[in-house]
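The structure appears below as structure tokens.
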Amino acid sequence: MTCDHSAIVQHAWVIPALPLLSFALVGLVLRPLNARLAGAVAAAAVALSAALGWWLAFDYLQFAPPAEPLPTLIPWQVEWLRFQDGLRIDAGTLLDPASVLLVVVVTTVSALVHVYSLAYMKGEPGYGRYFAVLNLFTFSMLGLVLAPNLVQMFVCWELVGASSFFLIGFWYDRPAAVAASKKAFVVTRFADLGLLLAILLLGQAAFDVRTQLGASAGDSQALDFAFLGRADVLAALAHQAPVLGGMTALTLGCLLLFVGGAGKSAMFPLHIWLPDAMEGPTPVSALIHAATMVVAGVYLVARAFPLLAAADGVLTVVLAVGTFTALFAAAIGCTQDDLKRVLAFSTLSQLGYMMLALGTCGGGDPAGRSAALFHLFTHAFFKALLFLGAGAVLHAAHTGDVWHLGGLRRKMPLTHALFLLATLAIAGIWPLSGFFSKDEVLAAALHGGHPLVFAVGLGVAGLTAFYMARVYLLVFWGEPRREASAHVHEAPLTMVLPMGALAVLAAVAGFVPVSRWVALPGTAEHAGIDWLVAGPATAAALAGFGAAGWLYGGDLGRSDAAVARLGRLYGALRHKFWIDELYLWVARKVMFRLVAAPIAWFDRMVVDGTMHGVGLLTRLCGAGVQAAQTGQAQAYAAWALAGGLAVVGLLWAAGRAG
Amino acid sequence: MAENLASGATGLHAWLLVTSALFSVGVYGLLTRRNAVGILLSLELCLNAAAVQFVVFNAVRAPARVDGAVMALFVVAVAAAEVVVAMAIFVLLYSRRRTVDVTDLTGDGPGHAGGAP
């Protein structure tokens, strides 16, 4: 089967184009006219996109018999920017197993979240605006995923950040939401600067290599992923002269690339924006801050993987940051009170897991990359389900504080069952999806020669089970602790159905052989379940469940006693190790005083001073000339006469001279 | 008279002196008179100087044609129309300000003070 035989592979650009069209239609035309129609059109467009995404995946998988690797295709691209030969930027669609996988994840979760939002956002003043921006986000994310070069990826990367900003700050009359959206934007923008620098640096280095290669470079462009992944190019990049501090452009560029990815994927120490981003509407948290946008950093690292693997030590940095974030965020997640914040820290921790998996590939076996993408795939479904479940709770009880909730399982049986399924999935209980992907991540760590990382991963698996069981028990078991949670009602069908669909996906996603499809050449095959890994991981999860059950299942006095015994450590965890305060201190005391204040002085005194001086001079000149403007017609007539005489005199003099 | 006019360069120079003097008197009045009507009269002198000059040039340079005389008639017509418009303005001005002294006409004046019509 070739590319020409499949209409959808040929025209994969339709998948991102639909949400973009719908964004324009909903945002410009329908929003002021009819909010309900706007929501319906937006949801329909993305649902159609999702259908096409599944069709694309189905057709794409026909390309190769199982023994062969799936091809990398660029069925459609147009010239967009031409700097010079070899540095042309195209807009196009790159189809390879990873991008097709992400297309399916993004369109599916987005479509379900759109449907869910139809009920969840009912009656909100900004209903149409909400759906328009959600469409814009879906388009940007798909453009990012399908990008054949770093520049298209960067443009969509920024668009994704902008839509995230709009959606976190959706309730712009709430100061907390405004502050959170600003924080997310500033932190991710700061990290995006790293990505931009990486693009410039790698672009220049790759362009030099392309010039050296001469004719063998063919039509490939310096910033195309296809070019950057070629073995001869990587070898040439690795042998370039160091540019800064003994690092080659490749190493430095990959480090900066990872800074960009770490910002979007909220890796420590750039994680501070994600918990605050929970101020946005909950479906937004499910789509953007759990399933899709935050995995963009993981996707970037996976996409640029050949580069990072060729650069010295970058994967070790990825490994260290990922492992630390996984542990750090899971520990904090155990102490938070707000349901959504627990889920946010859980997301951080799981993203750390994915990064950790990518980082284990330093030894040369890219099994970790497959594991990361597999975990990305399964995590999208069960985490989105958890968030939508939390949304249903919030929708009914109007509070997310776990200490105000309780006993919801009787009033919301469907939500309870779905949330329980997602909890088991994230904890990695067989046969749900989290079990398989977590198993692969841990196996990659163990077989990649990182026993310490493996041990930390096991610990994180235990903590994950613990904090999820903790919120699950506090929210759904026991008795209602406040009036609000006593009179809740089950979520409407429009909300339950998307959650049901996600639950099915979260349950079966583990059986999809994703990691075999996305495997790079040279990945070691490993068949079946590795019980050396899965055994301890399941034991850790069960231990986490057991501990949570003992502390929160019955007498809550036990948890108070445990908190008292932990003392200082508990305080540190609860305050998230004071990282936010540290940032504020650095920003206020260091940056404002030492950098911003002198610049402000320079601006006021030197820049403004010059401008004021010019203004003063102009005013003085004006005052001088003003005297001539008396308002006396005769004075003007005299001036006119004098002018006329002067002209005549000049002509006369010119006539004599000539 | 026509023969005198057309009697060569000397006659033309004499006429130029006359019209220049007339025009200069007009300009002097234009710049120095304070009464608007006086300024208008001075302006008429300037226009008349130009009209006379048209006739003179017509008689000296192209005696067989009437272009200059026609222009002179135009000047007379324009001056008449101009006087009508200007005098109407002066009358209104006087009724508002009780003066047609152009040096007193700066600012909004009493006619506009307090928004009175």
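Odds and ends about this structure:
- The residue that is nearest to B:Ala51 (Cα to Cα), counting only those in the stretch B:76-98 that are within 14 Å of chain A (Cβ to nearest Cβ) and touching a residue at least 24 places away in the same chain (Cβ under 8 Å), is B:Ala86.
- Listing of helices (runs of 4 or more DSSP H) fully contained in the stretch A:403-494 that carry 1 or more residues being of a type in the set (Val, Ile, Thr) and either modelled with pLDDT of 85 or more or under 24 Å from A:Ala372 (Cβ atoms) (or both): A:413-427, A:433-447, A:451-476
- In the stretch A:561-602, the residues that are surrounded by 12 or more Cβ atoms within 10 Å (Cβ to Cβ) and not hydrophobic (A, V, I, L, M, F, W, C): A:Tyr570, A:Gly571, A:Arg574, A:His575, A:Lys576, A:Asp580, A:Tyr583
- Sole residue being within 14 Å of another protein chain (Cβ to nearest Cβ) and under 24 Å from A:Leu641 (Cβ atoms), chosen from B:Val56, B:Val27, B:Val18: B:Val27
- Test: residue in the stretch B:99-110 that is assigned to a helix (DSSP H, G or I) and either more than 14 Å from chain A (Cβ to nearest Cβ) or at pLDDT 90 or above (or both): no
- Conditions (1) surrounded by 18 or more Cβ atoms within 10 Å (Cβ to Cβ); (2) at pLDDT below 90: number failed by A:Pro75: (1)
- A:Ser117, sole failed condition from (1) of a type outside the set (Asp, Glu); (2) within 29 Å of A:Gly510 (Cβ to Cβ); (3) open to solvent by 10 Å² or more (accessible area, probe 1.4 Å); (4) touching a helix residue (DSSP H, G or I) at 6+ places or on another chain (Cβ under 8 Å): (3)
- The single condition among (1) within 14 Å of another protein chain (Cβ to nearest Cβ); (2) touching a residue at least 12 places away in the same chain (Cβ under 8 Å) that B:Thr32 does not meet is (2).
- Put simply, of A:Ser433, A:Ser437 the only residue that is closer than 28 Å to A:Leu394 by Cβ, surrounded by 23 or more Cβ atoms within 10 Å (Cβ to Cβ), in contact with a Phe, Trp or Tyr (Cβ under 6 Å, 6 or more places away or on another chain) and in contact (Cβ under 8 Å) with a residue 12 or more places away in the chain is A:Ser437.
- When we screen A:Ala484, A:Ala461, A:Ala503 for residues that are among the hydrophobic types (A, V, I, L, M, F, W, C) and closer than 17 Å to A:Gln350 by Cβ, the only hit is A:Ala461.
- Against the criterion of being touching a Lys or Arg at 6+ places or on another chain (Cβ under 6 Å) and open to solvent by less than 10 Å² (accessible area, probe 1.4 Å), A:Gly407 does not qualify.
- Considered as a group, the residues in the stretch A:640-656 that are within 21 Å of B:Arg34 (Cα to Cα) and more than 10 Å from chain B (Cβ to nearest Cβ) include one that is least open to solvent (accessible area, probe 1.4 Å), and that residue is A:Ala642.
- Test: A:Ala367 is under 20 Å from A:Tyr353 (Cβ atoms) and touching a Leu at 6+ places or on another chain (Cβ under 6 Å): no
- Entry remark, the stretch A:197-252: residues being of a type outside the set (S, T, N, Q), open to solvent by less than 30 Å² (accessible area, probe 1.4 Å) and touching a residue at least 60 places away in the same chain (Cβ under 8 Å) number 12 in total.
- Qualifying residue in the stretch A:631-639 (condition: exposed (fewer than 13 other Cβ atoms within 10 Å of the Cβ), within 14 Å of chain B (Cβ to nearest Cβ), touching a Leu at 6+ places or on another chain (Cβ under 9 Å) and within 30 Å of B:Ile39 (Cα to Cα)): yes
- Residue in the stretch A:157-176 that is among the aliphatic types (A, V, I, L, M), over 16 Å from the mean Cα position of the chain (by Cα) and either open to solvent by 30 Å² or more (accessible area, probe 1.4 Å) or more than 29 Å from A:Gly92 (Cβ to Cβ) (or both) present: yes
- Among residues of the stretch A:612-630, those that are of a type in the set (Val, Ile, Thr) and within 14 Å of chain B (Cβ to nearest Cβ), counted: 1
- Selection status of A:Val342, at pLDDT 90 or above and in contact with a Lys or Arg (Cβ under 9 Å, 6 or more places away or on another chain): yes
- For the criterion of being over 30 Å from A:Phe435 (Cβ atoms) and touching a Ser or Thr at 6+ places or on another chain (Cβ under 9 Å), A:Gln626 fails.
The values are calculated or read from the model by the stated rules, or taken from the named source; none is laboratory data. A quick note: this is a predicted structure, and the numbers were derived from the prediction, not measured. Note that we place each Cβ from the backbone using ideal geometry, even for glycine, and neighbour counts take in every protein chain shown. To get the accessible areas, we keep the full protein, side chains included, count just its heavy atoms, and leave off ligands, DNA and RNA. Shrake-Rupley method; radii C 1.70, N 1.55, O 1.52, S 1.80 Å.
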